[in-house]
1. Kindly report, to the nearest 10 Å², the accessible surface of Tyr478 as traced by a 1.4 Å probe over protein heavy atoms only.
2. Lysine pairs, Cα distance under 22 Å, 8 or more residues apart or cross-chain: how many in the chain?
3. Ratio of Rg to Rh for the chain, alpha carbon only, Kirkwood?
4. Along the range 129-144, what does the Karplus equation 6.51 cos²θ - 1.76 cosθ + 1.60 (θ = phi - 60°) give for ³J(HN,Hα), rounded to whole Hz, x for Gly and Pro?
5. Angle between the Cα long axis of helix 479-495 and the longest principal axis of the chain, 0 to 90 degrees, nearest 10?
6. In the chain, what percent of the accessible surface is made up of carbon and sulfur (1.4 Å probe, ligands and nucleic acids excluded)?
7. For the range 377-424, what are the per-bin percents of Cα-Cα distances with bins 10 Å wide, up to the bin holding the maximum?
8. Please list Ile498, Ile525 in order of solvent-accessible area, largest first, computed with a 1.4 Å probe with all protein chains present.
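The values are calculated or read from the model by the stated rules, or taken from the named source; none is laboratory data. As the structure is a prediction and not an experimental result, all values here were calculated from the model. When we count neighbours, we look across all protein chains shown, and the Cβ atoms used for this are built from the backbone with ideal geometry, even at glycine. Areas reflect the complete protein model, heavy atoms only, side chains present, ligands, DNA and RNA absent. Shrake-Rupley method; radii C 1.70, N 1.55, O 1.52, S 1.80 Å.
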Amino acid sequence: EYRRLEDCEEDSPPGEEEEEQLLLHVTEGPTDSWHHIKDLDSFFTKISWHISLTPPHIYHFHQRNGFACVVLSDVLELVQFLFVVTFSTFLLCCVDYDVLFATRPLNHSHVPEHAKVTLPDAVLPAPQCARRLRGSGWLLFLLVLAGAVWLCRLVTALRRLVGYWEIRSFYIRALGIPAEELCNHSWQSVQARLLALQRRQPLCVPRRELTELDIHHRILRFRNYTVAMVNKSLLPVRFRLPLLGSVVFLTRGLQFNLELLLFRGPAALFQNTWSLRPQVKRAGARRALARGLARAAVLLGVANLALCPCVLGWRLLLAFFSYAEGLKRAPGSLGARRWSLYARHYLRHFNELGHELHARLGRGHAPATKYMDSFSSPLLAVLARHVGFFAGSVLAVLIVLTVYDEDVLTVQHILTAITLLGLVVTVARSFIPDEHSVWCPEQLLQRVLAHVHYLPEHWQGRARRAETRAEMAQLFQYKAVFILEELLSPLVTPLILIFAFPPRALDIVDFFRNFTVEVAGVGDICSFAQLDVRHHGNPQWLSEGHTEAPPERQAEHGKTELSLMRFALSNPSWRPP
């Protein structure tokens, strides 16, 4: 559980709340357009804030393979939004399901009595479709709302287009990387050119040289705070529910709302991309700030609750269009496992970029799958063998009949029966262990640890226990569980914001005040991200005398030490102070 530091009600010294302008901004002439940049965070992560309110991320620009791929992706996302809305409206208003399901005969005198129904026969004429659309007030309201959202996304995409071109020009002119060669350059190569550019043509005024750690601080400023709060069990993402026990709930919707609340919204603790509000650094203002943050969380939760029907409907449509075909083609795909969003925060090192985390967890996917598959219930295995036999026998007969005479497929619900029986057989087989495999859970868990680096200490020597597997399932969840959580997110997120977040508001405000340091030329950063083992190290991971951190200031599970080792290995030219 989160351990609170001792409260300090004394105010900060006079003048401490005055904002210090760390970075200057000069843009004169085409050759100096990247000289002395004010908001270097926006440059490294979003570039040229003055050009676009939501400009592209320079790191993501590299990871998404350049201008053409980024623009094409944005355009197709707009097209996909239009397609989902248009196709859903067509299915609701322009299809005659009585004709499609043959519950009503065609009203065409020239059509033979036993003629097959074609798709055009089930589509209503355009005037009739328009009348049904105009007769549904709620559907018109939803279409107007969807149109407004699409227009906002279009305006945002157009504004981003300018930023995309700016980044493209920066890569070509300042870094010397042609657009067609960007895919051949690793991020380490781009980072090295950025550091060389700072020495040749300063991007940052107060510091003559930037380091790899400075760049990571700017790209991951907010992410480091989130990782630290998850490490200290401060965010309201873990709950104890009746019958279910300990449950972790963190979805993309909840993450978006928490980031909006803490970093980007009008009531956020950050006043811009690089500095906290002056009041946050004053101990005397902590309670007033906590009340304001709690009030903002409740208002945001109420807004989420009001938009819940629309968001839930959109999530259902998107999930159906995304997964229905894959489920029919490969029913076992929902039984595959993936790292949960909570795991991606819990297992993430400080200052670890997205592609580095993805690669590390990708290497740990195979051993984690083998570990989770090593648990089998003998009772379920016996039951699954017999259920699979019964369902497979019926399925085999139906397949043989369809091969013998394809007219069998015209029998009502025969395709449905084949599909469901195939699903039952696939699910049953997943519960039957491989009789030729010999599993050793302890060794498998050690292989997982070799890649993910963080596992609770109480798991040691208990890899065979069901409790360990249940906790591992919170980190390495079924894809079906992931989809279900995302579908439930519009319902659960407002409840967390309204009821679970406000009691944590004071602790969160204190966390930002106690664990923020101001670095010249960088701004306010999470102190854990400095990788300072003396102030945040854990005595279990260090020799005696190498840390002065009290328990409440120590990172859990050796995160400071492991993050320092990983960063030094990933950036060999970096020299820690």
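1. About 90 Å², rounded to the nearest 10.
2. On the way: Lys38/Lys46; Lys232/Lys281; Lys232/Lys559; Lys328/Lys479; Lys370/Lys479.
Pairs that pass both the separation and distance tests number 5.
3. On the way: Rg = 28.4 Å, Rh = 27.9 Å.
Result for the chain is an Rg/Rh of 1.02.
4. With the stated coefficients, the range 129-144 comes to 4, 5, 5, 5, 5, 5, x, 10, x, 5, 5, 4, 4, 5, 5, 5 Hz.
5. 70
6. Numbers: 19390 of 31180 Å².
The C+S portion of the solvent-accessible surface of the chain is 62 percent.
7. 26, 45, 20, 9, 1
8. Numbers: Ile498 35, Ile525 5 Å².
Solvent-accessible surface, decreasing: Ile498, Ile525.
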